[in-house]
1. Ser323 to Arg183: extension gain in nm, 0.36 nm per residue of separation minus the Cα-Cα distance?
2. As an exercise, use a Förster radius of 45 Å and the Cβ-Cβ distance of Trp316 and Arg220 to find the FRET efficiency, rounded to the nearest 0.05.
3. So for the chain, averaging the separation of alpha carbon pairs under 8 Å that are six or more residues apart and normalising by length, what relative contact order in percent results?
4. How much accessible area per residue does the chain have, counting only protein heavy atoms and a probe of 1.4 Å, in square angstrom?
5. Under 19 Å from the 7 Å Cα→Cβ point of Lys402, by amide nitrogen: which residues of segment 358-387?
6. If I model a spin label at Leu70 and Tyr16 as a point 7 Å from the Cα along the Cα→Cβ vector, what separation in nanometres do I get?
7. Would you mind checking the pairs Lys215/Lys253; Lys75/Lys346; Lys58/Lys170 and listing those with alpha carbons more than 18 angstrom apart?
8. Any idea how far apart Thr162 and Leu227 come out in nm if each label point goes 7 Å out from Cα toward Cβ?
Amino acid sequence: MAVPTAWASDSDKAAYRVPPDLFASDPRGPHPIGTFEELWVNDRIDDPSTSNAGDARKLMVQVWYPAAVLENPRKAPYAISPQLYADDHWVHKLAHVRTQSILDASLATGNNRYPVLIYNHGGTHTHFSGTFQTEFLASHGYIVVSIGHSGANEIRRFPDGTSYSNDGQKWRGEVTDGGKLSRREQLEIMLASSDVSLYVQDISFVLDRLTQLDKSPKSRLFSRLDLERVGSLGWSLGGFTSLQATRDEPRVKAAANLDGWPHGLLGPRGVVTLGSERPVLLMFGGEGPVPQARGKNIEADAARIEMSSAAALHYWTMLDRTSADWFHITMDRTDHGSFADTSLFKAHDARMLHPRAAHAMINGYVLEFFDRYVKGAIHESPLLTGKVSYPDAAVLRRLQPK
């Protein structure tokens with residue numbers, strides 16, 4: 001289980017020029033992809049992530065979907081609204097990058113209703129930081145809705161002209177007397193006192209909004225959403241938010257956690273404490289090569305290993321208490337950034353699995369998982385069953401008797 005780390009230093013980003021066609025060669029499914037981005041406002045709550053009383057909770061939401069074919073499609077930029085972030089935010093350095101999605105395209109013709117997947121980003125990252133995956137899943141017949149969880153994505157302003165500051169509730173737990181505690185004790189307090197309930201509440205709000213849009217003739221999603229078939233997935237913070245949603249949001253039928261620690265899941269209502277009643281897929285990065293900076297600080301290395309081991313044990317407790325099918329996958333030669341777009345934004349370290357190879361593996365497992373547990377596909381799942389395997393991936397599974 002990889003310890004979350006920064007995706008690239010400023011020197012890494014300055015030295016590597018990200019190509020404009022970064023996503024052009026990524027494998028996709030049979031459907032062309034459309035996308036749009038909107039501001040959705042939950043005026044039923046006073047947003048606890050900001051100290052301003054009476055602030056409705058505002059979320060940037062991006063949707064990917066099977067699209068109608070266009071002759072001269074306008075490919076969407078990687079960041080549709082970079083102006084919503086601070087002037088020195090890294091998204092501005094990627095203004096030239098285009099994706100495979102067609103901006104504001106019509107949905108594919110026909111009367112098909114598509115199953116829905118909710119994507120949740122990593123802490124401090126953007127709602128489009130898993131574009132390698134959201135585009136892939138949409139091209140295979142899903143409507144993928146990514147939630148920009150305000151307070152966890154460094155957004156500074158919204159399209160309606162209002163500003164935002166995360167000066168209220170924080171999701172990460174704090175250790176006030178860390179000097180008196182061991183690293184293991186500090187980690188346990190941090191994991192137990194973290195709180196992702198606001199982000200699970202965002203998922204519920206978005207599903208409510210999708211229900212309204214599916215019924216509205218004025219919506220581009222009118223009568224095209226299959227809200228009986230819903231899954232949730234995410235990277236890091238978004239991964240363990242998805243796991244908790246299997247306890248707190250009954251419309252979520254299955255969840256995939258991509259290299260996320262069990263923050264906030266250890267309380268009396270936490271999914272680690274209770275286990276999940278829905279199928280779950282857990283994917284983690286294996287130990288990659290030891291960076292040159294490591295080895296010079298043995299104490300820091302020991303802390304990293306101890307914290308990683310402690311967090312992993314909590315997930316095994318969760319899986320033991322889970323009453324539905326589960327899959328636990330470890331991918332060698334990958335790290336935390338391998339599960340998002342961030343690994344594409346720096347020069348490849350030849351000692352690590354190439355990011356495109358890692359992404360192909362991740363997408364393969366995740367697609368089989370949701371096809372099986374959200375779409376209800378009856379065809380065999382060769383990767384999940386182990387009939388097809390990758391040399392860099394180890395798959396453990398427990399299937400409930402039918």
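1. Details: separation 140, 0.36 × 140 = 50.40 nm, distance 3.20 nm.
Fully extending the segment from Ser323 to Arg183 adds 47.2 nm.
2. Working: r = 43 Å, r/R0 = 0.96.
So, using R0 = 45 Å, E works out to roughly 0.55.
3. Working: 828 pairs, mean separation 70.3, N = 402.
Once divided by the residue count of the chain, the mean separation gives 17 percent.
4. Details: 17050 Å² over 402 residues.
The answer is 42 Å² per residue.
5. Inside the label zone: 368-387.
6. That separation, rounded to one decimal, is 3.0 nm.
7. On the way: Lys215/Lys253 21 Å; Lys75/Lys346 23 Å; Lys58/Lys170 16 Å.
With Cα atoms farther than 18 Å apart: Lys215/Lys253; Lys75/Lys346.
8. About 2.3 nm separates the two model spin labels.
The values are calculated or read from the model by the stated rules, or taken from the named source; none is laboratory data. From a predicted model like this one, the values you see are computed outputs, not experimental measurements. Virtual Cβ from ideal backbone geometry, glycine too; neighbours counted across all protein chains shown. Just so you know, the surface numbers come from the protein's heavy atoms only, side chains and all, with ligands and any DNA or RNA stripped out. Shrake-Rupley method; radii C 1.70, N 1.55, O 1.52, S 1.80 Å.
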